[in-house]
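Visitor: Before I ask anything, here is the structure I am working with.
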Amino acid sequence: MGGFFGITSKNDCMADVFFGTDYHSHLGTRRGGMAAFDPEIGLQRKIHNIENAPFRTRFEHIFEEMRGIAAIGCISDSEPQPLLIRSNLGTYAICMVGRINNADALIDQYLSFSGGHFDAKTGGRINGVELLAALIDQKSSFSEGIRFAQKSIDGTASILILQEDGTIIAARDRLGRLPVSIGRREDGYAVSFESFAYEKLGYAFEKELGPGEIVAIRSERVTQLCAPGEKKRICSFLWSYYGYPTSTYEGVNVEAMRYRNGAIMARDDCARGEQKIDYVGGVPDSGTPYAIGYANESGMHFARAFIKYTPTWARSFMPPTQVDREKIAKMKQIPVKELIEGKDLLFVDDSIVRGTQLQETVEFLYENGAKSVHMRSACPPIMFGCKYLSFSRSTSDLELIARRVILELEGEKGFRHLEEYCDSSTERGKKLRSAICEKFHFASLEFQSLEGVIEAIGLPECDLCTFCWNGKE
């Protein structure tokens, strides 16, 4: 994933863009970058690796190195960005959030007629942001170029461009899978993936861009360059997993959605019958609001049976290798034995993707004396790797625990019955849950239904992307 933030102002805005970009650190852990425009200096750009140190510490000296009345910043889980580009459209800085699945085909097509070239990394890989810029530059204006690029790309691309006169061009991806929001203050405008980032800096909500909408932003006004399309497919996983609790997308707050989701799971569990549970808890940290909603609805006691120690490793996947990530994840779990020993525990997790860390968590609970561990997933079984946003590091559908278990149960022919496996009332659905319980030593397991997720979000199903659960585009 990733996120971006920008401001165009009557005054120097570097401090606000620094903090606004930092508020997107939950969306990526690989690269951070900033670009700025100053009337005397022109465009400037800095990029740092943030794999082993957060954005804030890498950019703490940025005020000594850059200044500007307009600036953009980006947190990225992929390529270094923003890039500085000089082309027929002028010199500009560009960053994007999304994914280009057909990059090789687009590169070959571009090279076949342009006589141009790309900066290649080891193995010949091309920075996707540079490819995006090459597509945009084939047209005579930014709005035409962005529309052409988004139409050409198989995947998703939300874009921020900082021009050499301080104008920011913002474009939401063609189907609105990701949010782009604009805030207003007396001295200018902010544009952001996360609206709370500019609200904390004193900007008031102005508007959320529609699917495919493109705007030009200057300190005194916002000008629409391309009207939004009618078709929308905003990612449901924004609320389910990677959205920050204070985030609001399409008018729906993440934390409130998670409470509703947990309450719906409790309601459905109660309809299935009573279970003896001493405490309900969330797999920290993102599972906690679901567990609060579950406990409030069911009347069961909420408790934090173990706590994550996060001062030194805020996110368990920050280390560069899987072995280190798993070790750090285990080291972070600190038990509260009084709340574990001899207790029947029910835990709610935001999702079950591969299941590796969850299996270790359950083993950790039993090692510390748990009598039984029941598990609930706030999402349906994940059946398809995301091809739009790369929210998961899975490179194959068979890395997904639901897919692997189906293959073990029925072979590849089982993949023709994914809808049945998602449904807990069918025989296949019961077998999937039973097999995962046996594999992970759960006393019971249930997944939130797709209908439950949609109810919790509260938007029309036709406006939501649910591809990872049902494969529908």
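Visitor: Positive end of the dipole of segment 255-470, charges at C-beta (+1 Lys, Arg; -1 Asp, Glu), about the Cα centre: which of P460, I340, H417 has its Cα farthest in that direction?
Guide: I340
Visitor: Would you mind putting 145-153, 404-412 in packing order, based on average other-beta-carbon counts within 10 Å, highest first?
Guide: Descending mean neighbour count gives 145-153, 404-412.
Visitor: Enter the mean projected area of the convex hull around the alpha-carbon atoms of segment 255-470, in nm², rounded to one decimal.
Guide: 12.1
Visitor: What are the ³J(HN,Hα) couplings of segment 143-160, residue after residue, when phi is run through the Karplus curve with 6.51, -1.76, 1.60 and θ = phi - 60°? Round to Hz, x for glycine and proline.
Guide: 5, 5, x, 5, 4, 5, 5, 5, 6, 7, 7, 8, x, 8, 8, 9, 10, 10
Visitor: Further question on the same structure: List every residue whose amide H lies under 5 Å from the amide H of Y249, counting only residues 5 or more places away in sequence or on a different chain, with H placed 1.01 Å from N in the peptide plane.
Guide: Those lying under 5 Å, H to H, from Y249 are V254.
Visitor: Show me the GluC sites (Glu not before Pro) within segment 193-259 that DSSP assigns to loop and that have at most 13 other Cβ atoms within 10 Å of their Cβ.
Guide: E220, E230
Visitor: What is the helix-to-structure angle for 427-440, meaning the angle in degrees between its Cα long axis and the longest Cα principal axis of the chain, kept from 0 to 90 and rounded to the nearest 10?
Guide: For 427-440 against the chain, the angle is about 90 degrees.
Visitor: If we sort 292-298, 427-433 on the protection proxy, mean other Cβ atoms within 10 Å, highest first, what's the order?
Guide: Ranked by mean Cβ neighbours within 10 Å, highest first: 292-298, 427-433.
Visitor: Tally Lys and Arg at +1 and Asp and Glu at -1 over the other residues with C-beta under 12 Å from the C-beta of L178: what net charge comes out?
Guide: +2
Visitor: Roughly how big is the chain's charge dipole about its Cα centre, with Cβ charges of +1 (Lys, Arg) and -1 (Asp, Glu), in debye to the nearest 20?
Guide: I would put it at about 400 debye.
Visitor: Taking amide hydrogens as modeled 1.01 Å from N in the peptide plane, which residues meet the under 5 Å criterion relative to G90, leaving out close sequence neighbours?
Guide: Hits under the 5 Å cutoff: none.
Visitor: Using DSSP to call loops (not H, G, I, E or B), can you name the GluC sites (Glu not before Pro) in segment 118-189 whose Cβ has at most 10 other Cβ atoms within 10 angstrom?
Guide: The qualifying sites are E186.
Visitor: Follow-up question, since we're still on this one. What is the sum of charges, Lys and Arg at +1 and Asp and Glu at -1, for the other residues whose Cβ falls under 10 Å from the Cβ of I401?
Guide: Net local charge, I401 excluded: +3.
Visitor: Follow-up question, since we're still on this one. Considering the dipole of segment 255-470 built from charges on the beta carbon (Lys and Arg +1, Asp and Glu -1) around the Cα centre, which of G293, L407, M265 is farthest to its positive end?
Guide: Among G293, L407, M265, the one farthest towards the positive end of the dipole of segment 255-470 is L407.
Visitor: V348's amide H: which non-local residues (gap 5+, or another chain) put their own amide H closer than 5 Å, with H modeled 1.01 Å from N in plane and none for Pro or chain starts?
Guide: It is G281, G282, V283, R376, by chain and number.
Visitor: Same structure again: Among S112, F63, I94, whose Cα sits farthest toward the positive end of the charge dipole of segment 2-231 (+1 at Cβ of Lys/Arg, -1 at Cβ of Asp/Glu, about the Cα centre)?
Guide: Most positive-ward Cα: S112.
Visitor: Next up: Using packing as a proxy for protection, rank 21-33, 82-94, 100-112, 233-245 so that the peptide with the highest average count of other Cβ atoms within 10 Å comes first.
Guide: 233-245, 21-33, 82-94, 100-112
Visitor: Taking a threshold of 28 Å on the Cα-Cα distance, which of the pairs K10/K121; K332/K387; K387/K413; K231/K413; K276/K472; K371/K439 fall above it?
Guide: K10/K121; K332/K387; K231/K413; K276/K472
Visitor: Helix-only estimate, please: 222 nm mean residue ellipticity of the chain, summing -39500 (n - 2.57) across DSSP H runs of length 4 or more and dividing by its residues, to the nearest 500.
Guide: -9000 deg cm²/dmol
Visitor: Helix 401-410: angle to the longest alpha-carbon principal axis of the chain, degrees 0 to 90, nearest 10?
Guide: With rounding to tens, the tilt is 50 degrees.
Visitor: With +1 on each Lys and Arg Cβ and -1 on each Asp and Glu Cβ, and nothing else charged, work out how big the dipole of segment 416-470 is about its Cα centre, in Debye to the nearest 20.
Guide: 400
Visitor: Whole-Hz Karplus ³J(HN,Hα) for segment 169-181, in order, using 6.51 cos²θ - 1.76 cosθ + 1.60 and θ = phi - 60°, x for Gly and Pro?
Guide: Once rounded to whole Hz, the list reads 9, 10, 9, 7, 4, 4, 10, x, 5, 10, x, 9, 10.
Visitor: List the aspartates and glutamates whose Cα lies under 14 Å from the Cα of K46, skipping any in the same chain that are fewer than 8 positions away.
Guide: Counting by Cα, and skipping residues close in sequence, K46 has these aspartates and glutamates nearby: E60, E64, E65, E79.
Visitor: Give a residue-ordered list of calculated ³J(HN,Hα) values for segment 272-278 (Karplus: 6.51 cos²θ - 1.76 cosθ + 1.60, θ = phi - 60°; whole Hz; x for Gly, Pro).
Guide: Residue by residue, segment 272-278 yields 7, x, 6, 10, 7, 10, 7 Hz.
Read-outs throughout are calculated quantities, based only on the coordinates presented, and are distinct from any laboratory measurement. Quantities reported herein were computed from a predicted structural model and do not represent experimental measurements. Note that we place each Cβ from the backbone using ideal geometry, even for glycine, and neighbour counts take in every protein chain shown.
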